[in-house]
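S.K.: Mind having a look at this structure? Questions to follow.
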Amino acid sequence: MPLGLIALAIGAFGIGLTEFVIMGLLPEVASDFAVTEATAGWLISGYALSVVVGALGLTAATTRLPRKAVLLGLVVLFIAGNALTAIAPDYSTAMIGRIVAALCHGAFFGIGSVVAASLVAPAKKAGAIAIMFTGLTAANVLGVPFGTFIGQQFGWRATFWVISAIGVVAFLGIALLVSAPRVSDASVSLRHELRAFASGQVWLSLIVTALAFGGMFGAFTYIAYTLTGVSGFSASAVPWLLVLFGAGLVVGNWVGGRLADRAIDRTLLWFIAALAVILVLFGMLAWSQPATIGLLVVMGAFGFGTVPGLQSRVMQYAGGAPTLASGANIGAFNIGNALGAWAGGLGISAGLGYTSPIWIGAAITASALVVMVVASVLARRGTASAATGTLQTVSA
């Protein structure tokens, strides 16, 4: 395994921490800046919106630059944003720091996926992407408890100083270990990268990404309410249950990457179908603590097991212009997160109970499966047509 993949995973870990760690620190942040917890929550929403902007804007702006240099620049932006948050004298400055740090998120994962795939043989691309995303899954597992512990012991600002230090380690690792050849200006340009969006399969892949993740996050965003209000767990048990969910993410990411290297579409079809079934079962059995524990783990596994395949698929159909399409897919993940959270919230607001986000998530995931079936059928037809055309040319 190329050591450069470990360096990329460290960067992914730091960026993932930045996204999730604030969730465990909102009370301390709100108290320090004398704002309501709802206002402090905008530090999460502002980050997510900035991710989408950076995924498209920064990726597009850097298409003609060497990818390794761009990755290093993005890590510097990440370090600067977190350091600014750590020293912020007021809420507005902290928000600016969050926005600056978030700008690198989508572009890093988009460009990093392309670089990770370039470090291995073509048959191992999805596995390489999975290794890089292992950093993000680890951040899911450790983010909230890590940030809460550091914040409680040394103050919430110390958490962001630690994350900044992780960024320095990632910078050094990428500088020393990642071998990304410079791409000539003649072969890469914004116009060239935009050609990827002429592919219907790229658009279908982006839709599947948004819907599949929207379904899982529709259920996950309000999972604490489900666990305490329906399953009957104590509030103190929730962090440990989320660790189990995170363990499922890690396993699913690894298995999904291995299987996607063999057959991307088949893996995605099975994983998305399994996720839909799991969400239906979760909605039915949320009252049972043993069932909830098991379903929470497999929900994470099958939900995040789609990530390597989804990222590889959009790059595959982008052809020779994968960078911007890859960044757009990271944006699609975050749009899915926002969609799921919004839709799940509607169910609770309508008085449908704390299992309603799970049922809504199941419906969104089922729609992702429908789109994935259509995409797979069209892809097979396109392959068959291309093969027929080749045979006719040869026979002629």
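Where a number appears in this text, it was derived from the coordinates with a stated rule and is not lab data. What you are looking at is a predicted structure, and each value in this text was computed from that prediction instead of being measured. Backbone-built Cβ (ideal geometry, glycine too); neighbour counts: all protein chains shown.
S.K.: What ranking of 346, 324, 43 emerges when the number of other C-beta atoms within 10 Å of each C-beta is taken as an exposure proxy, fewest first? Could the numbers behind the result be given before it?
M.R.: Numbers: 346 14, 324 28, 43 23.
Least to most surrounded, the residues fall as 346, 43, 324.
S.K.: Could you tell me how far the Cα centroid of the stretch 76-122 sits from the Cα centroid of the stretch 343-374, in Å?
M.R.: That distance is 30 Å.
S.K.: The stretch 239-281 to the stretch 296-338: how many Å between their Cα centroids?
M.R.: The stretch 239-281 and the stretch 296-338 have Cα centres separated by 13 Å.
S.K.: Apply the Kirkwood formula to the chain: the hydrodynamic radius equals the inverse of the mean of 1/r over all pairs of different alpha-carbon atoms; give it in Å with one decimal.
M.R.: On the way: mean 1/r = 0.0470 Å⁻¹.
About 21.3 Å, per the Kirkwood formula over Cα pairs.
S.K.: Follow-up question, since we're still on this one. Give me the distance in nm between label points sitting 7 Å out from Cα along the Cα-to-Cβ direction at residue 235 and residue 285, one decimal.
M.R.: 2.9
S.K.: Could you calculate the contour length gain from residue 165 to residue 45, that is, 0.36 nm times the residue separation minus the distance between their Cα atoms, to one decimal place in nm?
M.R.: Values: separation 120, 0.36 × 120 = 43.20 nm, distance 2.42 nm.
Roughly 40.8 nm would be gained on extension.
S.K.: Only helices at least 20 Å long along their axis, Cα-based, and averaging -1.0 or more on Kyte-Doolittle count here, so list those DSSP H runs from the chain.
M.R.: Working: long enough: 3-21 (27 Å, 2.01); 37-61 (35 Å, 1.31); 67-87 (30 Å, 1.77); 91-118 (41 Å, 1.32); 125-154 (41 Å, 1.05); 156-177 (32 Å, 1.90); 200-220 (30 Å, 1.55); 238-262 (36 Å, 1.00); 264-285 (31 Å, 2.16); 289-304 (23 Å, 1.54); 322-349 (40 Å, 0.73); 356-395 (59 Å, 1.11).
Within the chain the helices that satisfy the rule are 3-21, 37-61, 67-87, 91-118, 125-154, 156-177, 200-220, 238-262, 264-285, 289-304, 322-349, 356-395.
S.K.: Same structure, new question: Scale the Cα Rg of the stretch 264-356 by the rule-of-thumb value 2.2 N^0.38 Å and send over the ratio, two decimals. Walk me through the numbers before you get to the answer.
M.R.: Values: Rg = 16.0 Å, N = 93, 2.2 N^0.38 = 12.3 Å.
Output field value: 1.30.
S.K.: Per DSSP helix of 4 or more residues, -39500 (n - 2.57); summed, then divided by the residues of the chain. What does that give at 222 nm, rounded to the nearest 500?
M.R.: Only helices count here, giving -28500 deg cm²/dmol.
S.K.: What residue among 235, 139, 318 has the largest mean-square fluctuation in a Gaussian network model of the chain, using Cα springs under 10 Å?
M.R.: 235
S.K.: Could you size up the charge dipole of the chain around its Cα centre, putting +1 on the beta carbon of Lys and Arg and -1 on that of Asp and Glu, and report it in debye to the nearest 20?
M.R.: Values: 16 positive and 9 negative charges, 241 e Å.
I would put it at about 1160 debye.
S.K.: Hey, another quick one. What is the fewest-to-most order of 91, 222 by other Cβ atoms lying within 10 Å of their Cβ? Please list the in-between numbers first.
M.R.: Details: 91 18, 222 24.
In increasing order of surrounding Cβ atoms, one gets 91, 222.
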